[in-house]
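All remarks here apply to the structure that follows.
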Amino acid sequence: MTQGHTSEMPKMPDSMRLQACIPADPGRLPLLRSMAAALAIALDFDLDTMSDMRMAVDELGSTVVTRARPGSTVTCTFVAVDAVVSVTAVATLRSDEPVDRGSFGWMVLTTLASDVTAEIRTVGGEPELTMSLNVQPPRADR
Amino acid sequence: MTDSDDDYAAAEALFDELSSLEKGDPRRVAVRDQLVTLHLPVAQHIAAKFSGRGEPGDDLQQVATVGLINAVDRYDPSRGIAFLAYAVPTMMGEVRRYFRDSTWSVRLPRRLSELHQALGRASRELSQQLGSAPTPSQLAHHLGVGVEEVQEALQAGQSYRAASLDEPGGDDAAGALTDRIGEPDHELDLVEHRAVLAPALARIPERERAILAMRFFEHMTQTQIAERVGLSQMHVSRLLSRTLEQLREQLTTADDSTDE
């Protein structure tokens, strides 16, 4: 009897893009968390995916922010295409030490999200970290 | 002889046995479990009484059970008080504490906080029907309210302060609870850097650790975990986020101090 389509559900545009530029301060991470939650709600993700996405963004944000050079800005972009959300965070680092793929944090990320990447490039003589991941509800899986 | 007389005699015999056993005796666990199981209907009754609708929420029942486990652990038969006379106030105290602690940290319009509670109930029902967690539009349809209202309530739920059960290290009951659930033997050791992880994990209450392991090692969904441990999905979600946050804080500190 319950098929989740109601007439009042607004038709989502095919793509959306949200961006936040926050200081490299862990105290600002709740902003990213709220954005993630708001986007998941707007995309009508199921409650499990919604919560996974929020935790994944929290972990991603925290990984980037704690490595970022103090006083720098972390840019976080959410791109939603259909039911897939790609989250990318970019920051200038304190050091070019790579993100540890054997860590618990990495395991958390790869459990909660797919296509997790972390790349460090030199930009203008400084190491810059780009981390990204994708989140999508299980239905959207083939 | 009535059933309750039988139960009473059985409980008395079990408490005698429990007090005769040495601290480390493995038999203690079994006796304790029997005592908890025997009195579970009392915990359910108390939960039902407080829920005000005859059908206690899972969380409430869980909280009353925690009170029961505490009572079993702390009851001293030599003091000459009947177990129930001791246990009932303990269980009620636990339930009251739950209500006191689960207030909204931000004052919400009554409509929203009521809707948020209804969402918890609806999400349980729908998860069972669908076999997975529902979406906001499915919740709205199920409850017969607008999607926007549901979205608003979910967003507001972000500021919901976790209930007392969520408080870390609040009491030893959290451990007792996972004993009852039967914590599976997880491969927490398999993660690299377990030297860093182990002390951090040791500071996480047992139940939270079990939930963490179910999500990240057994790859269960939150809805499946909720079903296994008898909490709501929203409660599991709050516990998981908070546990991760604690771990992150501790691991970051550890990283900084080893600075490899």
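The values are calculated or read from the model by the stated rules, or taken from the named source; none is laboratory data. Keep in mind it's a predicted model, so treat the numbers as computed, not measured. Heads up, the Cβs are rebuilt from the backbone with ideal geometry, glycines too, and the neighbour counts pull from every protein chain shown. The area values use the complete protein model at the heavy-atom level, side chains included, leaving out ligands, DNA and RNA. Shrake-Rupley method; radii C 1.70, N 1.55, O 1.52, S 1.80 Å.
So how many residues does the stretch A:67-95 have that are polar (S, T, N, Q) and more than 14 Å from the chain's Cα centre (by Cα)? Explain how you work it out, then say what you get.
The first filter runs over the stretch A:67-95 and keeps only residues polar (S, T, N, Q), leaving A:72-73, A:75, A:77, A:86, A:88, A:92, A:95.
Keeping just the survivors that are more than 14 Å from the chain's Cα centre (by Cα) gives A:72-73, A:92, A:95.
Result for the stretch A:67-95: 4.
Do we find a residue being assigned to a helix (DSSP H, G or I), touching a strand residue (DSSP E or B) at 6+ places or on another chain (Cβ under 8 Å) and modelled with pLDDT under 85 anywhere in the stretch B:91-114? It would help to see each step written out before you state the result.
Just the residues of the stretch B:91-114 that are assigned to a helix (DSSP H, G or I), to begin with: B:91-101, B:110-114.
This time we only want the ones that are touching a strand residue (DSSP E or B) at 6+ places or on another chain (Cβ under 8 Å), so: B:113.
Next, from what is left, pick out any that are modelled with pLDDT under 85: B:113.
Within the stretch B:91-114 (the criterion being assigned to a helix (DSSP H, G or I), touching a strand residue (DSSP E or B) at 6+ places or on another chain (Cβ under 8 Å) and modelled with pLDDT under 85), the answer is yes, since at least one residue qualifies.
Summed over the stretch A:108-133, the residues that are buried (at least 18 other Cβ atoms within 10 Å of the Cβ) and closer than 23 Å to B:Met220 by Cα give a count of 6.
Taken over the stretch B:32-51, residues that are under 17 Å from B:Tyr86 (Cβ atoms) and surrounded by 16 or more Cβ atoms within 10 Å (Cβ to Cβ) amount to 8.
In the stretch B:139-152, how many residues are at the interface with chain A (Cβ under 7 Å from one of its Cβ atoms) and farther than 16 Å from B:Ser232 by Cβ? Walk me through how you get there before you give the answer.
So in the stretch B:139-152, the residues at the interface with chain A (Cβ under 7 Å from one of its Cβ atoms) come out as B:140-142, B:146-147, B:151.
Among the residues that remain, those that are also farther than 16 Å from B:Ser232 by Cβ are: B:140-141, B:146-147, B:151.
Looking only at that region, the number is 5.
For the stretch B:155-164, does any single residue satisfy the condition of being facing another protein chain (nearest Cβ under 7 Å), out of contact with any Pro (no Cβ under 6 Å at 6 or more places or on another chain) and either modelled with pLDDT under 85 or part of a helix (DSSP H, G or I) (or both)? Checked against the condition, which is being facing another protein chain (nearest Cβ under 7 Å), out of contact with any Pro (no Cβ under 6 Å at 6 or more places or on another chain) and either modelled with pLDDT under 85 or part of a helix (DSSP H, G or I) (or both), the stretch B:155-164 yields at least one hit. Once the stretch A:39-78 is narrowed to residues that are more than 8 Å from every other protein chain (Cβ to nearest Cβ) and of a type in the set (D, E, K, R), the residue that is least open to solvent (accessible area, probe 1.4 Å) is A:Arg67. For A:Asp100, the stated conditions hold: it is over 17 Å from the mean Cα position of the chain (by Cα), within 28 Å of B:Arg209 (Cβ to Cβ) and surrounded by fewer than 16 Cβ atoms within 10 Å (Cβ to Cβ). Take A:Gln19 and decide whether it is out of contact with any Gly (no Cβ under 6 Å at 6 or more places or on another chain), at pLDDT 95 or above, of a type outside the set (A, V, I, L, M, F, W, C) and not in a helix (DSSP H, G or I). Yes; evaluated as a whole, the condition is true for this residue. Scanning the stretch A:100-142 for residues that are basic (Lys, Arg) and either under 18 Å from A:Arg67 (Cβ atoms) or in contact (Cβ under 8 Å) with a residue 12 or more places away in the chain (or both) yields A:Arg101, A:Arg121, A:Arg139.
Annotation note: of A:Val90, A:Val99, A:Val108, the sole residue that is at negative phi, out of contact with any helix residue (DSSP H, G or I) (no Cβ under 6 Å at 6 or more places or on another chain), among the aliphatic types (A, V, I, L, M) and modelled with pLDDT under 95 is A:Val99. Among the residues of the stretch A:111-138, the ones that are of a type in the set (Gly, Ala, Ser) and at negative phi come to 4 in all. Which residue is most open to solvent (accessible area, probe 1.4 Å), if the candidates are limited to the stretch B:213-254 and must be within 23 Å of B:Glu125 (Cα to Cα) and part of a loop (DSSP other than H, G, I, E, B)? The qualifying residue most open to solvent (accessible area, probe 1.4 Å) is B:His219.
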